[in-house]
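Everything on this sheet refers to the single structure shown next.
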């Protein structure tokens, strides 16, 4: 069921590459340029939210011990409006078309509304009130805040309504990245990093307090920004918030260095790229809050979205998709029939090829900031190739699945 | 006080360690070493499954009446992990590195999500229903069958 979300995601990454390729100079000029807004929403909604929402139907049962209610219905009600809504919103930005922006806002508001309702019902039924459930709940609330702020901004651009507060332009990405994305990756990471790479566990205090601390800091920072954006407290709070996330990123890298499995597979390489990108993005974010270094905002976006989120998510997809394929074959094939294992469904070499191209894409996207007219086309080509390789890898696993099913 | 879930969780980690050693030996092309380590891993895995299937699960099912519950799924996954461990051992005999890594990766992902379901859901239920006699059960598990 989540497969349709996972297969849709690479197409939006490819669309992002097209925007970088054709509107590169404009994109690098400002994070509020139409091309930059289109590209960020293609990545955050089309790639990140698409995969994260799809994965939630797997995450909730395993981490919180509850199924997502009515998973088929929820998937159907979320996937189509997400896909069409993201395409409409991004086109609306690109060609400054209010009608498309309105359509995108309505469709996306509906999709997230359905998803968040389902998650709330699921979590309310969770048998244990463990730290994991609380972390997932705080991630979901952060998503709700992100969506609400996004609709506020959408009302301005689409309907011409006055913006409730200028700070919304900074709070919207902060809640989306430091709240929803960061918390979901951390809560999942607390489990998957030690499990699959066989590292020592994250410190118990971090597992317990990271999510509440991040949430409280984000809330405090938001209140300060909302009331007085130039207040000193706002810089202090963003510094502490960045420091908390930096500790998480560095802890992850340190744990991975102590892993008991010695082989470095593509997923591990992608996680390392992701955590290193996150650390640099946080440093740039604080620097730009302090007013040091001009034009760092675009670099923050590239590192946080492509360097961190796309790498980490793609790394997990390369495990999740072949495993789900294997798991369903095991259930579908009669006993005694040989089931092809993950290595036969999706071999190692193409996974590594994707990881290398993704790494190159991140470097080229960053380099393009210095000379967009020259380098952006190459960055776009690398990102487009990464998207194509990811799609190819996922389709390879699915084709192997179908062959085994029919054989 | 040692709980059943604490004891069984520790054993999960011990099995993880044995797997990692076998995998590292295959990665080094140290095939004889790999065969020994993979056999040690398979024995530890089998011992853990036996504890569950012959002692803990029947006692839990008898106490709670949950004979159609989580233990059914756990037993099915044990069978799948036994198959994958056998495939890993066959790959070592055939000196087929990619085959070993493919089967091994599948076993790791299956085993980890299986362990997580046990540690998060089933073991706490077992502690709740059998916890009063934890020492008794742990003594039975520790004694050579």
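Coordinate-derived values only; no laboratory data. Being a predicted model, the structure only gives us computed values, none of them experimental. Cβ placement follows ideal geometry from the backbone for every residue including glycine, while neighbour counts extend to all protein chains displayed.
Assorted remarks:
- Taking every residue in B:22-30 and counting other chain Cβ atoms within 10 Å of its Cβ, the average works out to 2.
- Between 0 and 90°, nearest 10: helix B:70-93 axis offset from chain B longest Cα axis: 20 degrees
- When chain A is treated as a GNM with alpha-carbon contacts under 10 Å, the residue of A:166, A:217, A:364 showing the greatest mean-square fluctuation is A:166.
- Packing, as the average of other Cβ atoms within 10 Å across residues, places the peptides A:178-191, A:106-119 in the order A:178-191, A:106-119, highest first.
- Computed across the stretch B:4-142, the Kirkwood radius stands at 15.7 Å (inverse of mean 1/r, all Cα pairs).
- Within a Gaussian network of chain B (alpha carbon springs, distance under 10 Å), most fluctuating of B:54, B:118, B:23: B:54
- Alpha carbon convex hull of chain A, volume per residue in cubic angstrom: 138 Å³
- Considering all different alpha carbon pairs of the stretch A:42-169, the Kirkwood hydrodynamic radius works out to 15.3 Å.
- Overall dimensions of the stretch A:219-262 as given by Cα atoms, namely Rg and Dmax in Å: 16.1, 51
- Rh by Kirkwood over Cα pairs, then Stokes-Einstein D for the stretch A:263-305 at 0.890 mPa s and 25 °C, µm²/s: 223 µm²/s
- Expected-Rg normalisation [2.2 N^0.38 Å, Cα atoms] applied to the stretch B:102-145: 1.54
- Percentage of interatomic Cα-Cα distances in the stretch A:238-385 larger than 22 Å: 51 percent
- The stretch B:4-142, relative contact order in percent, only Cα pairs under 8 angstrom and at least six apart counted: 34 percent
- Sequence-separation-based contact order of the stretch A:271-407, relative, with Cα cut under 8 Å and 6+ spacing, percent: 26 percent
- Restricted to Cα atoms, the stretch A:326-378 shows a radius of gyration and a Dmax of 19.9, 60 angstrom.
- Ranked list, fewest to most other Cβ atoms within 10 Å of each Cβ, for A:328, A:231, B:114, A:318: A:231, A:328, B:114, A:318
- Mean separation of Cα contacts under 8 Å (6+ apart) over length of the stretch A:1-124, as relative contact order %: 27 percent
- Ordering A:302-311, B:125-134, A:333-342, A:40-49 by mean Cβ neighbour count within 10 Å, with the highest value first, yields A:302-311, A:40-49, B:125-134, A:333-342.
- Legend: mean number of C-beta atoms from other chains within 10 angstrom of residue C-beta atoms, peptide A:333-343, equals 4.
- Highest-fluctuation residue, A:257, A:88, A:220 considered, GNM on chain A with Cα pairs under 10 Å: A:257
- Crossing angle, helix A:71-94 versus chain A [Cα axis fit, 0-90 degrees, rounded to tens]: 40 degrees
- Take each residue in B:115-125, count the other chain C-beta atoms within 10 Å of its C-beta, and the mean is 3.
- Semi-axis lengths (Å, descending) of the ellipsoid that matches the C-alpha gyration tensor of the stretch A:1-103: 30, 14, 10
- On Cα atoms only, tilt of A:50-59 relative to the major axis of chain A in degrees: 50 degrees
- Overall form of the stretch A:338-407 per C-alpha gyration tensor (a/c, 1.5; a/b vs b/c): prolate
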